[in-house]
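To start, the structure under review is shown below, and the notes come after it.
The values are calculated or read from the model by the stated rules, or taken from the named source; none is laboratory data. Since we're looking at a predicted model, the values are computed, not measured. Glycine gets a Cβ as well: all are built from the backbone with ideal geometry, and neighbour counts include every protein chain shown. In case anyone asks, the SASA skips ligands and DNA or RNA and just uses the protein heavy atoms, side chains included. Shrake-Rupley method; radii C 1.70, N 1.55, O 1.52, S 1.80 Å.
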Amino acid sequence: MKYKLLLLLLVSLNCFAQNNSFPSDSVDLILKRIQLPQIPSFKIVVTELGAKGDSISDAKPAFDKAMALCKKNNGGTIVVPKGVYTLNGPIHFVSNVKLLIEKDAKIRFSDNPKHYLPMVLTSWEGTMIYNYSPLIYAYGCTDIAITGEGTIDGEGSKVWHSFKAKEGADKLLTREMNHKNVPLKDRKFGPRHFLRPQLIQFFNCKNILVENLKIEDSPFWCLHLLKSQSITVRGLRYKAFNTNNDGIDPEYAKDVLIENIDFDNADDNIAIKAGRDHEGRANSETPSENIVIRNCNFKGLHGVVMGSEMSAGIRNVFIDNCKTVGYLKRGVYFKTNADRGGFIKNIYVRNIQLDEVEDCIYITANYMGEGSGDFPSDVSDIFLSNIFCKKARETAIIIQGFAQKKVRNIHLDTIEVQSAKNGVTILNTENVTMNDVIVGQKATIPTSASKSVKH
């Protein structure tokens, strides 16, 4: 059955390339594969286990007991009622569990790094390491959910924020370990190191739902979907202004629906990733693929980003009917460099409304001018249509290939940028087509020469 679905997807994508219309049938096939988690009927309220929503008492023991009871009962729902619950340490999921955070309830995590030990296997900017536990962490779980109208607060603006100025040496060390293929058991960070943990991370998980929550004050990335599949994320609200507060990061992720999100975060709203450099290329069998993004409100640094960590590849991404609320640096941004390798292909973007940006559409295979040139990426088959932008402070459209590996098969149809400092820059490309592309004031029928004009 899965081979039939794959064949239908490939046929649909090929038809799109020929008739230049958004492949809605391909989107439908992806959505049919995504399964919502099935949660058993067992239910426990954390206050029944001693949790106090007084913002002071440590509620972690009660949350741990609730998770243990769910495991004993083969799953269930953990209910967090009205109140502010301080947790001196992470929540670690087991399978078949829903964490229901009710309206006017808040989970607020301690910002003491010692509370997030022992270290767990995780990823940091595309490299696998052992580090402080993400504040909510699920590894190898099936059928899990975080829902409700409550809030998850990462308390990231104080202690965790101070790590940013100290992380440089550790960041470089992770990349050296990646490039030198250092054994995973020797990639240990945590104490005496300064790599911030993610707020929520699902790692090697399947059938995931994250719905209707408010996410604020994350230490690092907000929601990291790592090597997971069959994922639904919808109805979230963001208020996350710390450095590197990406909203949603699918990485080596498959079959993902992201919809109806109100972003307001200090970095990429959605950043699709797939590992960094050597390690990512070694995982080429697990690209990020089959991702649907629709009906989102963007606010923050960039709207939708692909890369720059994408060495295992990104393909079959469908972005539809999104808009900005206020300023973005870049609206649609694809970035890779000559050390990444991998590919970005079969990307479809339509019906995007942007207010004011620095650059409207930016596709680059030479991100920050980095890279040895040994591993240029293959960027191809990108279709952008019905994109409207009021103002680009810098450039309307930028497409930059790499000299040894040109960006190819880029199709722009019905693009309008009403005002831009610079129009269009296209370098090192093949087969870039443009139809109904307007930058600045739309030209009309040319006027005839006046008889009074003298030569």
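Across the range 281-312, the qualifying residues are those that are open to solvent by 20 Å² or more (accessible area, probe 1.4 Å) and hydrophobic (A, V, I, L, M, F, W, C), and the one among them that is nearest to ILE261 (Cα to Cα) is LEU301. Once the range 407-441 is narrowed to residues that are outside any strand (DSSP E or B) and open to solvent by 60 Å² or more (accessible area, probe 1.4 Å), the residue that is farthest from THR395 (Cα to Cα) is ASN428.
Among the numbered conditions (1) in contact with an Asp or Glu (Cβ under 6 Å, 6 or more places away or on another chain); (2) farther than 17 Å from LEU121 by Cβ; (3) not aliphatic (A, V, I, L, M), the only one that ASN178 does not meet is (2). For ASP413, state whether it is acidic (Asp, Glu) and under 27 Å from GLY126 (Cα atoms). Taking the combined requirement at face value, the residue does not satisfy it. Of all the criteria given as (1) buried (at least 21 other Cβ atoms within 10 Å of the Cβ); (2) in contact (Cβ under 8 Å) with a residue 60 or more places away in the chain, the one not satisfied by ILE107 is (2).
Only one of the listed residues (ILE136, ILE146) is touching a strand residue (DSSP E or B) at 6+ places or on another chain (Cβ under 8 Å), at pLDDT 95 or above, farther than 19 Å from ASP58 by Cβ and open to solvent by less than 50 Å² (accessible area, probe 1.4 Å). That residue is ILE146. On the given criteria, is PHE343 open to solvent by 10 Å² or more (accessible area, probe 1.4 Å), among the aromatic types (Phe, Trp, Tyr) and under 24 Å from LYS405 (Cβ atoms)? Criteria met by PHE343.
Just one of the listed residues (VAL94, VAL79, VAL120) is free of Cβ contacts under 8 Å to residues at least 60 places away in the same chain and within 22 Å of GLU279 (Cβ to Cβ), and it is VAL120. Of the listed requirements (1) closer than 13 Å to VAL379 by Cβ; (2) open to solvent by less than 40 Å² (accessible area, probe 1.4 Å); (3) touching a Pro at 6+ places or on another chain (Cβ under 7 Å), ARG315 misses just one: (2). Considering the range 153-255, the qualifying strands (runs of 3 or more DSSP E), each wholly inside and each with 2 or more residues that are polar (S, T, N, Q), run over 229-234. The residue list LYS206, LYS239 contains one member that is open to solvent by 10 Å² or more (accessible area, probe 1.4 Å) and within 28 Å of ALA312 (Cα to Cα), which is LYS206.
Can you find, within the range 256-267, the residue that is nearest to SER284 (Cα to Cα) among those that are in a strand (DSSP E or B) and hydrophobic (A, V, I, L, M, F, W, C)? Top of the filtered list is VAL256.
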